[in-house]
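Worksheet for the structure shown next.
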Amino acid sequence: MPDDPTMSILVLQHIACEPPGEYEDVLRARGAELVRVELDEGEVLPDWRAFDAVVAMGGPMDTFEEDLHPWLAGEKRAIAELTAAGKPFWGVCLGAQLLADALGARVYTGPAPEVGVLPIVLAASAGTDPVTTGLPATLPAFHWHSCTFDLPAGATLLASSQAYPNQVFRAGRRAYGLQCHLEVSTKLVREWLVVPAYAESLERTSGPGAAEKMLTELAASEPAIRSLARTMFERWLATIAG
């Protein structure tokens, strides 16, 4: 869409190795301007009103760890404000949990970690949502999380997994939360495994050899997962243009 005005996107990161991935590729191809803020590094959260949309990515912290990460309080306050104002928001993993928390829902540790390539299943309401309509009933996704959340009041559930029912949801018209990762590549997940907290958590919960097994499964599913990321994200961007 070369005739479109330049879109300005605020990207909230919570660790350097969790960038927007495929979502960033889509934005770059559209010529969008990305302003990346590393909140975990102490960078200041800018005024969300100056941007066309906000993308919030994952991270190793939990939304309820404000004592360890005081900046979480300000981020959640901003997310609540921008969602109430109708600003488009796309939250991934921690970003989805932050959206749920900001809207008053409970975020908590789930029954067991959900890690690896596992399917998500669309809810009935997905058929009328602009981002998910017409997609296959069962979709491939990559997961790496141990927390989950209740659905915020008034939110629309769009997809679930067997272990974690709240995988994808919409709040209002243009705020979306995705607990699962669709944006990742095998190369990017290898970078996650360099983070001691991530590598130790995976071995503790899934046992020795889990990392290579996970990478092998992701390599086989990566084209389909990233294609889904492009489709859904481009549809979300279309709601902004509209």
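Taking the criterion of being touching a Leu at 6+ places or on another chain (Cβ under 6 Å), within 19 Å of TYR176 (Cα to Cα) and not hydroxyl-bearing (Ser, Thr, Tyr), the residues of the range 37-74 that qualify are TRP48, PHE51, VAL54, ALA56, GLY58, GLY59. The numbered conditions (1) modelled with pLDDT under 95; (2) on the phi > 0 side of the Ramachandran plot are all true for TRP144 except (2).
Screening the range 27-80 for residues that are within 10 Å of ILE9 (Cα to Cα) and charged (D, E, K, R) and picking the one that is least open to solvent (accessible area, probe 1.4 Å) gives ASP52. Among the residues of the range 81-99, write down those that are open to solvent by less than 20 Å² (accessible area, probe 1.4 Å) and over 16 Å from ALA153 (Cα atoms). Scanning the range 81-99 gives LEU82, PRO88, PHE89, TRP90, GLY91, VAL92, CYS93, LEU94, GLY95. Does ALA102 satisfy the criteria of being free of Cβ contacts under 8 Å to residues at least 40 places away in the same chain, under 17 Å from the mean Cα position of the chain (by Cα) and open to solvent by 10 Å² or more (accessible area, probe 1.4 Å)? When the stated conditions are applied, ALA102 passes them.
Taking (1) open to solvent by 40 Å² or more (accessible area, probe 1.4 Å); (2) part of a helix (DSSP H, G or I); (3) closer than 20 Å to PRO119 by Cα in turn, ARG190 satisfies each apart from (3).
Output yes when any residue across the range 194-211 is within 15 Å of the chain's Cα centre (by Cα), free of Cβ contacts under 8 Å to residues at least 40 places away in the same chain and not in a helix (DSSP H, G or I), and no when none is. Within the range 194-211, not a single residue is within 15 Å of the chain's Cα centre (by Cα), free of Cβ contacts under 8 Å to residues at least 40 places away in the same chain and not in a helix (DSSP H, G or I).
For the range 8-39, a residue qualifies if it is over 21 Å from ARG226 (Cβ atoms) and either of a type in the set (A, V, I, L, M) or touching a helix residue (DSSP H, G or I) at 6+ places or on another chain (Cβ under 8 Å) (or both), and the qualifying residues are SER8, LEU10, LEU12, HIS14, VAL35, VAL37, LEU39.
When restricted to residues that are within 10 Å of the chain's Cα centre (by Cα) and in a loop (DSSP other than H, G, I, E, B), the range 172-181 contains 2.
For (1) basic (Lys, Arg); (2) open to solvent by less than 30 Å² (accessible area, probe 1.4 Å); (3) in a helix (DSSP H, G or I), each residue gets a yes or a no:
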| position | (1), (2), (3) |
| --- | --- |
| GLY154 | no, no, no |
| GLN162 | no, no, no |
| PRO165 | no, no, no |
| ARG170 | yes, no, no |
| GLU183 | no, yes, no |
| GLU217 | no, no, yes |
| ILE225 | no, yes, yes |
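The values are calculated or read from the model by the stated rules, or taken from the named source; none is laboratory data. Source: prediction; values computed, not measured. Cβ coordinates were reconstructed from backbone atoms using ideal geometry, including for glycine residues, and neighbour counts include every protein chain displayed. For accessibility, only protein heavy atoms count, side chains too; no ligands or nucleic acids. Shrake-Rupley method; radii C 1.70, N 1.55, O 1.52, S 1.80 Å.
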